[in-house]
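Below is one structure, written out as structure tokens; comments come after it.
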Amino acid sequence: MATFKKVKEQNFIDICDEGTLEEVQEAIKSGIDVNVLDEYGENGLHCAAARNTADVVRALIKAGIKVDLA
């Protein structure tokens, strides 16, 4: 079960990086923990911001993603 959760979490980060706003919103609606971190300590917000996808950034912030990981 823990392996499936890890895969699901990494998929969410990948969706934030490469997916569409609709895919991100669908994942959020499914109950994914938006604050999951990848192996580098980054969350989906890092990926969305790096790709300059403002609509995804706004959706993640609205969903409660932590913007300050310090």
Residues (aliphatic (A, V, I, L, M), within 9 Å of the chain's Cα centre (by Cα) and part of a helix (DSSP H, G or I)) located in region 5-54: Ile13, Ile15, Val24, Ala27, Ile28, Leu45, Ala48
Criterion violated by Lys8 - all others in (1) surrounded by 14 or more Cβ atoms within 10 Å (Cβ to Cβ); (2) over 20 Å from Leu69 (Cβ atoms); (3) at pLDDT 90 or above satisfied: (3)
Every pair of residues 6+ apart whose Cβ atoms lie under 7 Å, when the first sits in region 16-41 and is without any contact (Cβ under 8 Å) to a residue 12 or more places away in the chain while the second is of a type in the set (A, V, I, L, M, F, W, C): Glu23/Ile15
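The values are calculated or read from the model by the stated rules, or taken from the named source; none is laboratory data. It should be emphasised that the depicted structure is a prediction, and the values quoted were computed from it without experimental measurement. Positions of Cβ are backbone-derived with ideal geometry, glycine not excepted, and every protein chain shown enters the neighbour counts.
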